[in-house]
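Read through the structure below, which is laid out as structure tokens, and then see the notes.
The values are calculated or read from the model by the stated rules, or taken from the named source; none is laboratory data. Source: prediction; values computed, not measured. Positions of Cβ are generated from backbone atoms using ideal geometry, with glycine treated the same way; all protein chains shown enter the neighbour counts.
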Amino acid sequence: MTTELKELLDSNKQWAADTETREPGFFSRLLKQQTPQYLWIGCADSRVPANELVNLLPGELFVHRNVANVVVHSDLNCLSVMQFAVDALKVKHVIVVGHSGCGGVKAALNDTRTGLADNWLRHVQDVRNHHQEWLDGLAPAQRVDALCELNVLEQARNACQTTVVQDAWARGQEIVVHGWVYGLHNGLLEDLRITAASAEQVGPAFARALSAVKLRYDGQRLQSAD
Ligand SMILES: [Zn+2]
């Protein structure tokens, strides 16, 4: 086994040279520009590269990722990223992004023991437990993606409830929280429309988005039963 990862370092040199040839001055411009409009909170899954999916350059999207895109009220890592993004960088949008076929969500759904991460995934299991009866009514093949979407809604609501976002809204700073889901099978992002631009909007936006998700899956269930 290689111990130096020479292939990655070589490929980095090539990438830096190619980038500079294609866009002279790219790196000197990047140095001066950390003014992202967006904070992306997504899953750590290697198949969901945040910048690339939305075709943004480094410097245009601030990113935090963890297993199953969870926003926990006491997670100082995520909260610190949010605080820097909102207070210092003044991002205008916080986007919580889940994805179809998420391994973390699947493990949480099925009570699969994975190790230390089980404790982290308890947060997703809380979401599952809350909607257990509805999930049980779906076809087994639909349950993972349905829970991925419910998880996005719950985590986006959690993002709204952080002191970071609540304080920003209270002082009149414009910030909009969104919940999206990414389709691994087609490369497309879908807006789950839990869009909130003020503390008052959070509850109604969550309720609307939740019933839209449930209606869509119930519709698919009825279709497949025909
Ligand atoms: Zn995932």
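Restricting attention to the stretch 33-51, does a residue exist that is more than 28 Å from the chain's Cα centre (by Cα) and part of a loop (DSSP other than H, G, I, E, B)?
Residues of the stretch 33-51 that are more than 28 Å from the chain's Cα centre (by Cα), as a first pass: none.
No, the stretch 33-51 contains no residue that is more than 28 Å from the chain's Cα centre (by Cα) and part of a loop (DSSP other than H, G, I, E, B).
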- Task: Tell me which residues, restricted to the stretch 49-95, are over 19 Å from L184 (Cβ atoms) and in contact with a Lys or Arg (Cβ under 9 Å, 6 or more places away or on another chain).
- Result: G59, V71
- Task: Could you grab me the full set of residues in the stretch 130-147 that are over 23 Å from Q201 (Cβ atoms) and either touching a strand residue (DSSP E or B) at 6+ places or on another chain (Cβ under 6 Å) or outside any helix (DSSP H, G or I) (or both)?
- Result: G137, L138, A139
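Go through the stretch 141-158 and count every residue that is among the charged types (D, E, K, R) and either closer than 15 Å to D218 by Cβ or in contact with a His (Cβ under 7 Å, 6 or more places away or on another chain) (or both).
Result for the stretch 141-158: 3.
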- Message: Please count how many residues of the stretch 148-167 are within 16 Å of the ligand (Cβ to nearest atom) and not in a helix (DSSP H, G or I).
- Response: 0
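Looking at the stretch 81-104, can you tell me whether even one residue there is part of a helix (DSSP H, G or I), under 29 Å from L222 (Cα atoms) and either among the basic types (K, R) or at pLDDT 95 or above (or both)?
Initially, the stretch 81-104 is screened for residues part of a helix (DSSP H, G or I), giving 81-88, 103-104.
Next, only the ones that are under 29 Å from L222 (Cα atoms) stay: 103-104.
Still in the running and either among the basic types (K, R) or at pLDDT 95 or above (or both): 103-104.
Checked the stretch 81-104: at least one residue is part of a helix (DSSP H, G or I), under 29 Å from L222 (Cα atoms) and either among the basic types (K, R) or at pLDDT 95 or above (or both).
If we keep just the residues of the stretch 70-102 that are of a type in the set (S, T, N, Q) and in contact with a His (Cβ under 8 Å, 6 or more places away or on another chain), which is farthest from the ligand (Cβ to nearest atom)? Steps first, answer last, please.
From the stretch 70-102, those of a type in the set (S, T, N, Q) are 74, 77, 80, 83, 100; that's our starting set.
Next, only the ones that are in contact with a His (Cβ under 8 Å, 6 or more places away or on another chain) stay: 77, 100.
Details: N77: 17, S100: 9 Å.
Residue satisfying both the conditions and the ranking: N77.
So that you can scan it fast, the table gives a plain yes or no per residue for (1) acidic (D, E); (2) in contact with a strand residue (DSSP E or B) (Cβ under 9 Å, 6 or more places away or on another chain); (3) loosely packed, with under 15 Cβ neighbours inside 10 Å:
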| site | (1), (2), (3) |
| --- | --- |
| F62 | no, yes, no |
| N69 | no, yes, no |
| N77 | no, yes, yes |
| A88 | no, no, yes |
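Looking at I175, is it within 16 Å of the chain's Cα centre (by Cα) and either more than 29 Å from N110 (Cβ to Cβ) or modelled with pLDDT of 95 or more (or both)?
Numbers: within 16 Å of the chain's Cα centre (by Cα): no; either more than 29 Å from N110 (Cβ to Cβ) or modelled with pLDDT of 95 or more (or both): yes.
In short, no.
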- Subset of the stretch 108-136, residues within 16 Å of the ligand (Cβ to nearest atom), in contact (Cβ under 8 Å) with a residue 12 or more places away in the chain and closer than 21 Å to V213 by Cα, comes to A108, L109, H123, V124, Q125, V127, R128
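Select from the stretch 1-28 the residues that are assigned to a loop (DSSP other than H, G, I, E, B) and either within 23 Å of G59 (Cβ to Cβ) or touching a strand residue (DSSP E or B) at 6+ places or on another chain (Cβ under 6 Å) (or both) and list them in ascending order. If you could, list the steps in order and put the result at the bottom.
Initially, the stretch 1-28 is screened for residues assigned to a loop (DSSP other than H, G, I, E, B), giving 1-5, 23-25.
E23, P24, G25, listed by residue number.
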